[in-house]
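I have placed the structure first, in the form of structure tokens, so that the comments after it can refer back to it.
The values are calculated or read from the model by the stated rules, or taken from the named source; none is laboratory data. Just so it is clear, the model here is predicted, and its values are computed rather than measured. Virtual Cβ from ideal backbone geometry, glycine too; neighbours counted across all protein chains shown.
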């Protein structure tokens, strides 16, 4: 009787262990899903501390949690691997590791890997990586602010001078509204940057007697302006084409930023505010393109591929590339 009761108790304990093993496997799946939801598939890479997963007479297998590209996997090596690499003189950063999904790991491995200490070390290393990313961004934004503030003052003065040749009170008013808004609300300033450039293009086309395109967004309007520009020197045509490609790239970036962060159509209602540096950079880009188009249209003495506006276009184009990819 005692023997039967003991066997039944052990059988019940085994079923309980199997239930807990299934729960552990579910925990592994849930952990991966939470990390993917929080950090996505790019930009966050980290590994946990390592732990011995299994031992045998003269060696062991050790492993760690590895998060990258939205997936949580297990990296592992054996002590024999370490001995072979040490004997061959293989540098640490050139040693190869084996990886496999958590779903392919045994319960014994999962018990060790999903320990609070190991998971905590993974999160600590994710936090350290994010801190480093933020520090690098802060440095870049600080440098960006310095560059853009200097460019901004120069472009504001150039725009005021260029607008005098247009004799358009509407453009003068809108430029003033843009300069006021850019310091008060980044989303509104971004929208006004885009709208101002559209207004400049429309005014140039009207003064030249050219019909406005059906699509009155930035890129079609700029294309229409470029098409009606006159180039007296055929040798400048190839340079002009390359320059126009830069102008179009900048306009596409401004449009993308406006779509994601501007106040038009309530676009910014559910998004975090745009950093002031990027709003200023979009304003500078708009003004640089506007100055270029106005000067070409009015036949001002400055060569259209020289001078401060073209220099600003070049600077801003370099800055806008990451935003277009983001």
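Just a few scattered comments:
- Extreme residue, farthest from residue 25 (Cα to Cα), among residues of segment 44-61 that are free of Cβ contacts under 8 Å to residues at least 40 places away in the same chain and part of a strand (DSSP E or B): 59
- If you go through segment 28-57 and pick out every residue that is touching a helix residue (DSSP H, G or I) at 6+ places or on another chain (Cβ under 8 Å) and surrounded by fewer than 16 Cβ atoms within 10 Å (Cβ to Cβ), you end up with 6.
- Whether a residue is in contact with a strand residue (DSSP E or B) (Cβ under 9 Å, 6 or more places away or on another chain), surrounded by 15 or more Cβ atoms within 10 Å (Cβ to Cβ) and at pLDDT 90 or above was assessed, and residue 83 does not pass this test.
- The single condition among (1) surrounded by 10 or more Cβ atoms within 10 Å (Cβ to Cβ); (2) at pLDDT below 85 that residue 5 does not satisfy is (1).
- Selection of first residues in segment 62-91 that are at positive phi and of second residues that are surrounded by fewer than 19 Cβ atoms within 10 Å (Cβ to Cβ) and assigned to a helix (DSSP H, G or I), restricted to Cβ pairs under 7 Å at least 6 apart or on distinct chains, gives the following pairs, ordered by first then second residue: 70/36.
- Of everything listed in (1) in contact with a helix residue (DSSP H, G or I) (Cβ under 9 Å, 6 or more places away or on another chain); (2) outside any helix (DSSP H, G or I); (3) farther than 15 Å from residue 24 by Cβ, the single unmet condition for residue 85 is (2).
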